[in-house]
Amino acid sequence: MNTVTNKVQLSENVCRMDIEAPEIARKRRAGQFVVLKVNETGERIPLTIVDSDAASGTITIIFQIVGKTTALMADLNVGDAFQDLQGPLGNPTEIENYGHVVCIGGGVGVGVIYPITKALKEAGNRVTSIIGARTRDLIILEKEMHRVSDTLVVTTDDGSYGVHGFVSAVLQEMIGKGEKIDRVFAIGPVPMMRVVADVTRPHGIKTVVSLNAIMVDATGMCGACRVAVAGKTRFTCVDGPEFDGHDVDFDLLTKRLRMYCEQEKQSYEGHRCGWHGN
């Protein structure tokens, strides 16, 4: 049974959960994900493994309530269990001692960048982390990111906390000052990852992004998670989820992510109103 052992509300719509998954906890590596199914009739959704504890046999996930499935997940309490949990999936992050790395997380993407940042720090890198959100109440994992970073910069779009502005502006300022940056890892909303890649491209700084394409079976069979990278079709589930941001077709990714927005909205509204039809 994949039982919920701990649940914390990080902000109004963001939850952190620990789930029993002993085999996954022992095997997972930074950058990998799981596919969850809440109940028998529920959809399968991918979520990055934020952390794990092999001793207790648990993994940690962080998710934002944006639709019916994540709302159902938020309704689960300690002692409740997921119908199915599959993983670890995807290719782990390529962790090496690159030198000076900059790890950038936006919104709930901070939960995804955290295990990567931790692994890069343990590999001997000098780590500068930049995390951001729209407003102070939406900043997550600040203390955790501080512990695994040599330098941490926090930004908010509205200026309510930390630096007033976008994470990309902080990166641009670092580059403008002549700081030597050996690699950038950027994870968050697609527009943010796109801008970061645009900032680093002229300077030849390799920039790794993690893509959140629509996914169904997560084994490379269905093709739902296909993305275009360097002009070739790639499947996020088996070829990713991480790719060189300079090669990603962000226009196509954005269009594919919007394919089912109307259906997702109707499903979520139906759930909120207590409608249980198909």
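The values are calculated or read from the model by the stated rules, or taken from the named source; none is laboratory data. Quantities reported herein were computed from a predicted structural model and do not represent experimental measurements. Using ideal geometry, Cβ is built from the backbone for each residue, glycine included, and neighbour counts are taken over all protein chains shown. Surface areas here come from the heavy atoms of the whole protein model, side chains and all, with no ligands, DNA or RNA. Shrake-Rupley method; radii C 1.70, N 1.55, O 1.52, S 1.80 Å.
A compact table of results
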item: Solvent-accessible heavy-atom area per residue, rounded to whole Å², over the chain at 1.4 Å; result: 48
item: 0 to 90° range, to nearest 10: angle between helix 261-272 axis and the chain longest Cα axis; result: 50
item: Antiparallel DSSP beta bridges within the chain, as percent of all bridges there, nearest 5; result: 60
item: Candidates G31, G87, G204: whichever shows maximal mean-square fluctuation once the chain is modelled as a Gaussian network with Cα springs under 10 Å; result: G204
item: Estimated FRET transfer efficiency (R136, E173; beta-carbon r; R0 25 Å; 0.05); result: 0.75
item: Gyration tensor verdict on the stretch 119-202 (Cα atoms; rounded if a/c is under 1.5, prolate if a/b is larger than b/c, oblate otherwise); result: oblate
item: Centre separation in Å (Cα based) which lies between the stretch 181-250 and the stretch 33-72; result: 21
item: In nm, spacing of pseudo-spin labels at R29 and H146 (7 Å Cα→C-beta vector); result: 3.2
item: Stretch gain in nm, segment D157-E12, where the contour uses 0.36 nm per residue and the Cα spacing is subtracted; result: 50.4 nm
item: Using alpha-carbon coordinates, inclination of helix 167-176 to the longest axis of the chain, degrees; result: 20
item: Pairs from K27/K206; K7/K206; K7/K232 whose Cα-Cα separation, in the structure shown, is over 31 Å; result: K7/K206; K7/K232
item: Charge tally in the Cβ shell below 9 Å around Y114, where Lys, Arg are +1 and Asp, Glu are -1, Y114 excluded; result: -1
item: Identified option (computed Rg/Rh (Cα atoms, Kirkwood Rh); candidates [x] 0.95; [y] 0.97; [z] 1.16); result: [x]
item: HN-Hα J in Hz across the stretch 135-145 - Karplus 6.51, -1.76, 1.60, θ = phi - 60°, x for Gly and Pro; result: 8, 4, 5, 9, 6, 10, 6, 4, 5, 5, 5
item: Förster radius 41 Å - calculated FRET efficiency between E96 and K255 (Cβ-Cβ, nearest 0.05); result: 0.75
item: Extreme residue, positive dipole direction of the stretch 1-102, given options T70, P92, F33 (C-beta unit charges); result: P92
item: Counted charge near T207, where neighbours are those whose Cβ lies closer than 14 Å (Asp, Glu -1; Lys, Arg +1); result: -2
item: Using θ = phi - 60° and Karplus 6.51 cos²θ - 1.76 cosθ + 1.60, couplings along the stretch 10-16 (whole Hz; Gly, Pro as x); result: 7, 7, 4, 10, 10, 10, 10
item: Radius 15 Å from Cβ of R136, net charge of other residues (Lys, Arg +1; Asp, Glu -1); result: -3
item: Solvent-accessible area, 1.4 Å probe, carbon plus sulfur percent, for the stretch 45-140; result: 43
